[in-house]
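For reference, the structure I am asking about is given below.
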Amino acid sequence: MLVVWGAATAAWALEADRRISQYNHQAWRSESGLPQLSGLACAETPDGYLWFGTFEGLARFDGARFSVFDRKNTPKMQAVSISSLVTDGSGVLWVGTGLGLLRYEKGQLRQVPGVDGLDVQPILGLAADSTSVWVGAAEELVRVPTSGGAPLRRYTARDGIPGGAVWALVPDGEGGVWGGTAKGLVRVKGDSVVLTPLPGTDAPRVAGLMLARDGTLWIGTTQGLYSLREGQFTVYGAEQGVPRFQIKALLEDRDGNLWVGTDNGLVRRGVTGFSPALAPQSLANEPILSLCEVSDGSVWVGTGRDGVHRLRSGPFLPVGEPEGATVISPTVVLDTKDGSLWWGSLRGGLERMKDGVITRMGPERGLEDERVRSLAESSDGTLWAGTYSGAYWFNGERFVRPKPELGFPPGATIWSMAPEPDGGMWFATSSGLVSLRNGRVTVYGREQGFTVEFIMPLLREDSGTIWYGTHSGLVRFSQGTFTRFTTHDGLAGNSVFSLFLDTDGALWVGTGTGLSRLKDGRFSSVTTAQGLPDNTVYSLLLDAQDFFWMSSNKGVARVSRGEVAEVMDGRREPVRGMLFDDRDGMRAGECNGGGQPAAWRARDKRFWFVGLQGVSGVRTEDARLRSPLPRPFIEEIRVHGQPVPSTDRLELAPGQQWVDFRFTVFEPHGAERVPLRYRLEGYDSGWVAAEERRIVSYSRLTPGTYHFEVTALGRDGRWVEPGARVDVTLRPWFHQTGWFYALCVLAACGVVMGGYAWRVSGLKERERWLQARVEERTRELDANLQELRATQAQLVQAGKMAAVGTLAAGVGHEINNPLSYIMSNLDHASGEVKELAREAGSQATLDRLRELEQVLREALMGADRVRRIVKDLKTFSRQDEETHGPVDLRAVMDSAAKMAAGELRPRAQLIREYAEDVPSVEGNEARLAQVFLNLIINAAHALPEGKPEENEVRLVLKRGGEAQVVAEVRDTGCGIPPEVMGRIFDPFFTTKPVGVGTGLGLALCHAFISSMSGRIEVESQVGKGTVFRVRLPGASRAAQQVALAPQVRSGATVRGRLLVVDDDPLVSSALRRTLSREHDVDVEESARQALERLTSSEGSSYDVILCDLMMPEMTGMELHAQLLAASPERARRMVFITGGAYTPAAKEFLETVRNPRVEKPFDSERLRALVREWVKEARQEARLHEGASRR
C-alpha cells in the first residue's frame, strides 16, 4: 500500500507545510463550560484571556475554565448574542452584540460613551487600528477614536455606504478601512467613501475580509472567495480547491498560511495551494464562523454547532493513521542510509516512509511473520528485521530469510540486534546469542552459559564486549563468559529497557525503576526522588546540547546529562527535567515501545519515538521546546462578598475580616494540568496545594499586614517565582491599637497617684466590674448549657432516624408476606372469574362477572402499588452500609424523588435531565439513596410553598471527566449566603429553626460520598439558587456485569411435581393455587417434615422444591444443608422464597449458593413461567443421570 502525504522536496516533507492532521487539536463545548455551541467571534486581550462570542453571551477563557457574561450578571447587556469582538491598541476589548456596543474595562462590561444610536442597532462587524475602532452596524459605519483626539465620525447611505449596513471590516493600513456591504466593497478614508463592486452581474454580499501581509485583500462572500491585488480581482472556485460556499471567516497565520472558514468546513492555503481540512474530522463539514491566531501561535476556530476548536503546531511531528499509516501502535523505529524511516509493531508488520510516501511491508514483500520485535541496519546498509519466528534482511525490494545452511537457530525469536563494524550482526534470540560474520553463524547457547529469557536492548562496545538487558538484570558477554548484574550490585532495577554507551566509556542503563550509570566498575542511580521525570526509561538518546531524551508511559523526558552525573557524584541535589506529551504534538503521551529500538536518532538529527498512535519526531533544537513559564494571575478579590478593584495593595477598613481571592494560571499548553499553590503569609503556616480550587476564602482576619501569593509549577519541575501577589492590610478599630493600650496604662497610673481616697472608689468600681464579669460569665455558661441541650436533642433526633430505618426494614418484610398471598389470590380469583364468564348462560350474568373481574384487577393493581412502595422503602432502610458495588444512579435518584414527593409537590416542579450513556457508579445504594433524599428535601425547603409553577428542582445526571459520573440537584431557591458557605458541611451546623433541622444531613452526605471515593461540591448565588454536585467514580466494566434472571423459553408444558415448604399456611395455599393448574403440588408447613419426605424414596419424584428462607422451627438454610449432605441432586432443585429482611447469615448464604430465589410478593405469571423452566431442567438432568447410570 502506498500513501503519498507530502511533497518530496524537503526531508520528511512536512515542516514547511504541516498537514492539518498533524496539528494538536482540542475542542471545547457546552460540557466544558461554553455557554452555547457557537463561536461567532474570537479575540485575545493582553492579560492572556481569550474571549468568545456566542448566541448565549460572552465567554472568557483562561486556558482551563470559562467565565460567562450574560444578562444575569451584566445588566448593561441588552442582547446576549455576541456577533463580533476586537481588541484596540490599548488592550481594551470591544464587544458587538445583537443590540448595542460594549467595552470591557476594569473587570466590567460597560456601554461605550458618546456613541448615541448604536445601542439600538445590531453590531455586524468590528475592526481596530492604532488610533480608532471601526464599528459596522445595521444602518451606518462609525469610526470611534481611541487616541489622538480625532472626532467621532459616522458614515451612512448618504455618504455612499450602500444600504448603510457594513458586514465586515479590516483596516487598510493607511488610516482607513475596507468594508463589506451587500453591493460590494467600500473603502473609507477621511471623508472619502469609494464603492468597488465585485465582478459579475449578480455580485454576492461580502461577509468576511482579511488584508494579507503582501497587500492582497481576501474577500469572503455569500458565494465563495475573491481576492483583490493591485486593482485586479481573482475569483476562486472548485478548480482552485475552494468550494463555492458562504465564507465569513478569514485568517493569515504567522507562517503565511491562509485559513478560510466556509459554511461547510475549513480550507487552508499553504505552499502547495488550497486543501480542505480533512482532519480533524469534526471540522470537515462544520460551518466555520470565526478564526483567530493568538500570541502562542495557536489558531482558534469558532464553529456554528460544535463549539470552539484549537489547532496548534507543536515541536513534535506525529505520523500515524491520519497520514496513511496502517501500523497504528508501533514498537520499533529506525532510519536507514537511503533516507527511509521504518517502523513496525508486534501485530501489524512493517512500514517504510521515503520521500513522503508510506509503503507497507508484509507477506507480499516477503515478510511472512508480521510480528516485528527488532530492527537494525548493518554497516554495509543492509536492513534486518527480527520477528518471533526468525530474522529477515531487505534486498531493496523484498525481505529474505537467511539461508538455512548458515546455521541460524530455526524458528528462534529475534529479541534485539546490534551491528558489527565489518558488516556482521549480533542477534539476541530465544535460543542464544548469535553472531553473523563473514557468512558464518556462531551460536552461544546454554552450553556456553547463556540463559534463555526475554531480552530487550543489545549493545556492542568497540572492544567487542556485548551488553544486553533482561527482566532479570544486565548481562555482559565478554571473552566467552556471561556475567549478570542486578540490584544487589547497585543497579536501579532488574528490568533493563535501554542502554547507552558514553564517550568516556561509562554505560548508562535505563530500567523500570530509574536511570543507572556503570562507571569505573561502580553503579550510581537517580530516580524520581532526585527529580527524574519518570522512573521508567524505555529508550535513551543524547542530543547535541548534552541532554538525555528518555521515553516513558508519561511521555518523552529531557534531562541534562551533566546534571544527572552531578547528582550521581553527590555534587548537586535535584535533577531539573522536562516532560513532553500530547500537549507538544504527540497524539498520545504514552511512549512505551516494547521492541528495539523504541527511539532513534535519525541522520537529519531528528529524534523519533514510538507511541500508542504512531511515531513522533522532534528536532531537539526547536525553539518551541522552550515552553513559556506558566503565569499565575489573581482574577478577582471580594471583600464580604463584594468585588473590589484589582490592585497590588488592598487596604481593608476595620471589621472587614472576610476576603475571597479568585485566581487562575495562563499556560498555552494545557493550563488545566498546571499545579498551583497559594498562601496568605501571616495566616497560613505554609503553602497550600490548590488542586482543582481556583477560589480561596479567609474569614475572621485579625488586624495586621498579610501577603497573598499564588505560584505555579513549571514543566521543568520548578515553582515559578515570583508568582501573583497582593499585599493586604487590615486596619484595626481604635480599641485594637497601641494608642488605646497606652491610654489605659496612663489612666491606671493616674488612679494609683490619686491617693487613698480614689483608691477606695477604685476598689468599689473594681467590685462592680467583677460582679458584672461574673454575671456575664454566668450568662455565657447558661448559653453554653442551652447549646449543649440543643446538641443533645439533635443527637437524640439522629438516633430516632436510625431507629426509623431499622423499623422500616422490618415493616417491609412483614408487609411482603401477606402481600404475597393477597396478590396471588387476587390473580387466581381474577382468572377463575374470567373462566366463569366464558361459561355464563345469560348476558346479565356475563356482565356481572366482567364487572367483578374488573374489580379484582383494580385490587391487584392497588396491591402492586403497595409492592412498589415497599421496594422503594427497602432502598432507604437496608443495613448493608459497608457493601459497595455497581449502582444505577437513575433508579436511586428516582426513588429519592418519590420519597420526597410530599415535600416537593407544593413547592416546585421536578425536572429530570438524565444523559443516555451514563454508566453505573461504584458505591453503596442505601447510602446514596440517603444522600439524594437529603439533597432533594433541602432543595424543597429552600423554596416557598404555594407557587410550584414558579420554581423548579432539577435532577441532572451526566458523564464527567476521568471516568466519573456527575449527579446534580439544582434548585431556584433562596441560595446560601457566602458567610455560611464554608460551614454547611460541618456537623450540627444548620440554618433551619430548632426542631426542623438536626445539622447532620449535609455532614453525613459529605462523609458518605467521601467514603465512596467521590466528591460533593456546592455552588450558590443568593436569590438565584443552589447546585449540589456529586462526583462519583464509574463502576468498572466487569463490576457492571449483573446476574440475569433465568431466560423463559417457550415450548410445551411438562407437568411436574412440586413441593412447597412454608410455615405460613396462607402463603403456601396461594402458591398451590397458583401452580396446581400445570403441576402436582404438595405442601409442608414444617421444614422437618419436609426433610423426612425429601430424604425418603418419595423425595426423588419432586422436580422443584419451593422453600421459604426464614422459618421458626428449621430455616430453609438448615434444610438445604441437611438435604445437601443426604442427596445433593435434590438440594440443587430447591428454590428459595424470601421476604427481603435478611440476617447477616442469610445474606452470606444467598451469596454462596447457586440455587434460584423468588422475591415476595411474586408475579403469578412470571412464577409459572419460571417453574415450567425449572421442571424441564430437572427432567433433563434426571434423564442425563439415568443415561450415565446405564453406561
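All of the numbers you see were taken from the coordinates with simple rules; none came from a lab. Please read these numbers as outputs of a predicted model, since none were measured by experiment. Quick reminder, even Gly has a Cβ in these numbers, built from the backbone with ideal geometry, and neighbours come from all protein chains shown.
What spacing in nm lies between the two simple spin-label points modelled at residue 275 and residue 422, each 7 Å away from Cα in the Cβ direction?
So the label points at residue 275 and residue 422 sit 4.8 nm apart.
Divide, for the range 1057-1190, the radius of gyration over alpha carbons by 2.2 N^0.38 Å, where N is the residue count.
Scaled against compact globular proteins, the figure is 1.00.
If amide hydrogens are placed 1.01 Å from N in the peptide plane, which non-local residues have theirs closer than 5 Å to the one on residue 575?
531, 532
What percent does the relative contact order of the range 371-518 come to when contacts are Cα pairs within less than 8 Å and at least six residues apart?
13 percent
Counting other beta carbons within 10 Å of each residue's own, what order do 219, 937, 20 fall into, fewest first?
Result, fewest neighbours first: 937, 20, 219.
As a test, work out the antiparallel percent of DSSP beta bridges whose residues both lie in the chain, rounded to the nearest 5.
Working: 251 of 279 bridges.
Once the DSSP bridges in the chain are tallied, antiparallel ones form about 90 percent.
Based on the Cβ-Cβ distance from residue 576 to residue 1152, what FRET efficiency comes out when R0 is 60 Å, to the nearest 0.05?
After rounding to 0.05, the efficiency reads 0.55.
So how far apart, in nm, are the two label points at residue 980 and residue 1129 if each is 7 Å from Cα heading toward Cβ?
Between residue 980 and residue 1129, the simple spin-label model gives 7.1 nm.
Arrange the peptides 922-933, 436-447, 315-326 so that the one whose residues have, on average, the most other Cβ atoms within 10 Å appears first.
922-933, 315-326, 436-447
Moving on. Neighbour counts of other C-beta atoms within 10 Å: give me 329, 478 arranged from fewest to most.
478, 329
Could I ask something else about it? For the ranges 1148-1155, 372-379, what's the packing order if you count other beta-carbon atoms within 10 Å of each residue, average per peptide, and put the highest first?
The densest-packed peptide leads the list: 372-379, 1148-1155.
I'm checking a number: the convex hull volume of the Cα atoms of the range 570-650, normalised per residue, in Å³. What is it? Before the final figure, lay out the partial values.
Values: hull volume 20.2 nm³, N = 81.
So the per-residue hull volume is 250 Å³.
Report the gain in length on full extension from residue 685 to residue 479: 0.36 nm times residue separation, minus Cα-Cα distance, nm rounded to one decimal.
So the chain would gain 67.9 nm between residue 685 and residue 479.
Check cross-link reach from residue 76 to the lysines: straight Cα distance under 18 Å, and skip same-chain residues fewer than eight apart.
Counting by Cα, and skipping residues close in sequence, residue 76 has these lysines nearby: 106.
Return the tail of the calculated pair distribution for the range 880-1033, meaning the percent of Cα-Cα pairs more than 21 Å apart. Before the final figure, lay out the partial values.
Values: 4972 of 11781 pairs.
Here the tail beyond 21 Å accounts for 42 percent of pairs.
Neighbour counts of other C-beta atoms within 10 Å: give me 735, 1120 arranged from fewest to most.
735, 1120
Could you please tell me the mean projected area of the C-alpha convex hull for the range 198-309, averaged over all directions and given in square nanometres to one decimal?
Values: hull surface 28.3 nm².
Answer in nm², one decimal: 7.1.
If you take the C-alpha gyration tensor of the range 631-734, multiply each eigenvalue by 5 and take the square root, what semi-axes do you get, largest first, in whole Å?
Those come to 26, 13, 11 Å.
Highest mean first, what order results for 350-362, 382-394 on Cβ atoms within 10 Å?
Highest mean packing first, the order is 382-394, 350-362.
Let me ask something else. Between the range 905-948 and the range 18-71, what is the C-alpha centre distance in whole Å?
A separation of 32 Å, based on Cα centres.
For n ≥ 4 DSSP H runs only, could you compute -39500 (n - 2.57) per run for the chain, divide by its residues and tell me the 222 nm figure to the nearest 500?
Only helices count here, giving -7500 deg cm²/dmol.
Could you work out how far the C-alpha centroid of the range 636-686 sits from that of the range 490-562, in angstrom?
41 Å
OK, next. Need the full-extension length gain, residue 116 to residue 183, defined as separation in residues times 0.36 nm minus the C-alpha distance. One decimal, nm.
21.5 nm
With the cut-off at 1.5 for a/c, could you classify the range 163-233 from its C-alpha gyration tensor as rounded, prolate or oblate?
It is oblate, given that a/c is not under 1.5 and a/b is not larger than b/c.
Per 10 Å bin, what is the whole-percent P(r) computed from every C-alpha pair distance within the range 920-980?
Pairs per bin, as whole percents: 18, 42, 31, 9, 0.
Follow-up. Once the Cβ-Cβ distance between residue 894 and residue 776 is put in as r, and R0 is 56 Å, what FRET efficiency do you end up with, to the nearest 0.05?
Details: r = 54 Å, r/R0 = 0.97.
After rounding to 0.05, the efficiency reads 0.55.
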